[in-house]
Amino acid sequence: MAEVKNRNEIEEKYKWCLEDIFSSENEWEKAAGEVVRQAESLSEMTGKVTDSAENLFSVLSALDEIGESLLSVVAYACMRRDEDNGVSKYRAMADRCGDIESEVASQLSFVEPELVAAGQEKIAEFMKDKPELSVYRHFFDNLFREAEHILDGKSEKIIAMSSPVGEAAHDIFSAMNNADIKFGEIEDENGNLCELTHGRYSIFMESGNRRVRRDAYEAMYKQYRSFENAFAAMYAGNVKGDLFYARTRGYGSSLQMRLSDSAVPEAVYTRLINDVNAGLPVLEDYLALRKKALGLDELCMYDLYTPIVPEDKSDIPFEDACEMVLEAVKPLGGQYAADMRRAFSERWIDVYENRGKTPGAYSWGDNTHHPYVLLNYQGSLEDVFTLAHEMGHAMHSYYTNKTQPSIYRDYKIFVAEVASTVNENLLLEYLLRDAEGQRRAYLLTRKAEAIRTTFYRQTMFAEFEKKAHAMYADGAALTAEALCRLYGEINKKYYGSVAACDENIAYEWARIPHFYTSFYVYQYATGFAAASRIKELVIKDAGAAEKYIEFLHGGNSDYPLELLRKAGVDLTSSAPAKSVIEELRTAVNELSLLLDK
């Protein structure tokens, strides 16, 4: 395995072009200063927002403009930092963004309380007097839905000013997890010493050599265990912050606060956990099949990711990966593929791992330019699926930004994982279409693994979050011991009937970045369920594909559950989750027959 390169050793064509947002850091500096000045200027409208329809429209238009400028400033700085977390000036720029966001939010915190104070009837009259305000109709509906949780202007300003404090736990975790913590070296399959990084960990865990898997697993968790109290303090800080904001705004719990933003009933969250718990016997069947296929007397936690059918280990060039994804998404229409091809040719993507680069993958950007994708591409088939996944996000953003007015371009997180998972599912179906024998068995394993990791595992995470937050709300201390005990018990419920849940896995909570965006992960599972249904529909019916593309254009113009209903999915019922569980059952049954041949 080659040594991790420095940033300057990566070819330019494989680096994203952030200059499309700002041509230089000096331009960024000017924009950062200007957005604060714009906010300060608008704050002069305090007490005057609802004096007239003209005032209201002027203020909301200015808010849109400031929001777009602020997102450009934040996205540019944070993506620069993510290129190499070891570069102090980029870390400093990203850190400044928290202060800038707080200052802007503080200056503009007067708007929503004044709208709420004016009342829904007065706002409705303004929309009659000035038709241009009608674009904000859904915004107003959503605002008054949440009116009881909006504080007075002075209190909202204090809340806004406190945001950097609320982000501290996440910022500390990010710095420690991405830059400071080191995992040492392990021997690869050929006996060569290799540095263990976040990016390489997944590769080692998929190794066919059990000693390599075990060594990587133990080396990784050795470091998290050695800093267990620090990680527990970080996580507890995040939970404490959530509860503070929830209680300050009058929510019954942190979960209620987080779900309320997308108008998602708690019943949807609880139903997901209950449905998945009811489907654990199917997961057990798959784990038993995995254990048998690997010929193991004991299935360990480091055996969960290695393919049970040998994978074609040939390195897939990035250009080939792009073509594979383009072929897979053909059911979504020629325009969709043509728009996606732009991302591959116009440097929307930061492709390869380099020293100090933020691990994993994501799609981000502002609302006035094209989206960006961060990868740590290693050439495996799994990396091709990651490319498909992140391009789903990117296309969702691209179409939303292209279609929606500024106020509705930031689609809710609840629907954010649908487009990404649709792309993954289409890629899998494309590869399965002509696959036979061992190749088909491998892809069915990939399908089962996608359901295990994205549907079952993310729901397991969601169950942990729900209970951890409830523990603290009930007065329990979130010590490392308490968190490990809770996580270990839940992990055993999901895996313990077949797998050996050792002490290391109880520390997995310490390395999950998404736990610092509380109650985010359940949406991977609901998104997976929705995407599975959409995939079935678009493959069978071109009309369904058109409805799905309309969904991608929808942004935040309606409530998430309603947007999904228009695309043919009802997540208020158990049907989507149960369908995924049956999909796993079918895959396991076919895989069992193939492996017995």
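The values are calculated or read from the model by the stated rules, or taken from the named source; none is laboratory data. Since we're looking at a predicted model, the values are computed, not measured. Cβ placement follows ideal geometry from the backbone for every residue including glycine, while neighbour counts extend to all protein chains displayed. Ligands, DNA and RNA are excluded from the accessible area calculation, which covers all protein heavy atoms including side chains. Shrake-Rupley method; radii C 1.70, N 1.55, O 1.52, S 1.80 Å.
Within region 476-491, the set of residues being touching a Phe, Trp or Tyr at 6+ places or on another chain (Cβ under 7 Å) and closer than 20 Å to residue 284 by Cβ comprises 487, 490. Taken together, the residues in region 83-117 that are open to solvent by 30 Å² or more (accessible area, probe 1.4 Å), of a type in the set (A, V, I, L, M, F, W, C) and part of a helix (DSSP H, G or I) amount to 4. Residues in region 461-481 that are in contact (Cβ under 8 Å) with a residue 40 or more places away in the chain and part of a helix (DSSP H, G or I): 12 in all. Restricting attention to region 526-536, does a residue exist that is more than 19 Å from the chain's Cα centre (by Cα), surrounded by fewer than 20 Cβ atoms within 10 Å (Cβ to Cβ) and either hydroxyl-bearing (Ser, Thr, Tyr) or not in a helix (DSSP H, G or I) (or both)? No, region 526-536 contains no residue that is more than 19 Å from the chain's Cα centre (by Cα), surrounded by fewer than 20 Cβ atoms within 10 Å (Cβ to Cβ) and either hydroxyl-bearing (Ser, Thr, Tyr) or not in a helix (DSSP H, G or I) (or both). Can you pull out the residues in region 133-188 that are closer than 24 Å to residue 217 by Cβ, part of a helix (DSSP H, G or I) and aromatic (Phe, Trp, Tyr)? Within region 133-188, just 173 meets the criteria. Give region 13-36 a look and list any residue that's in contact (Cβ under 8 Å) with a residue 60 or more places away in the chain and not basic (Lys, Arg), or say none. 14, 16, 17, 18, 20, 21, 25, 28, 32, 35, 36 - these are the residues of region 13-36 that are in contact (Cβ under 8 Å) with a residue 60 or more places away in the chain and not basic (Lys, Arg). For region 285-310, the candidate set comprises residues that are open to solvent by 60 Å² or more (accessible area, probe 1.4 Å) and of a type in the set (Asp, Glu); within that set, the residue that is farthest from the chain's Cα centre (by Cα) is 297.
Checked against the criteria, residue 105 counts as within 25 Å of the chain's Cα centre (by Cα) and at pLDDT below 95. Counting only strands (runs of 3 or more DSSP E) wholly contained in region 328-385, no element carries 2 or more residues that are acidic (Asp, Glu) and more than 30 Å from residue 183 (Cα to Cα). Of the set (1) open to solvent by less than 20 Å² (accessible area, probe 1.4 Å); (2) more than 30 Å from residue 204 (Cβ to Cβ); (3) in a helix (DSSP H, G or I); (4) in contact (Cβ under 8 Å) with a residue 24 or more places away in the chain, all apply to residue 246 but (4). Only residues that are within 10 Å of residue 569 (Cβ to Cβ) and free of Cβ contacts under 8 Å to residues at least 40 places away in the same chain were counted in region 530-550, giving 1. Checked against (1) surrounded by fewer than 22 Cβ atoms within 10 Å (Cβ to Cβ); (2) touching a Leu at 6+ places or on another chain (Cβ under 7 Å), residue 453 meets all criteria but (2).
Applying a threshold of 7 Å to beta carbon distances and a minimum spacing of six or more residues, or different chains, the list of pairs starting in region 372-391 at a residue that is of a type in the set (S, T, N, Q) and ending at one that is surrounded by 22 or more Cβ atoms within 10 Å (Cβ to Cβ) reads 376/357; 386/375.
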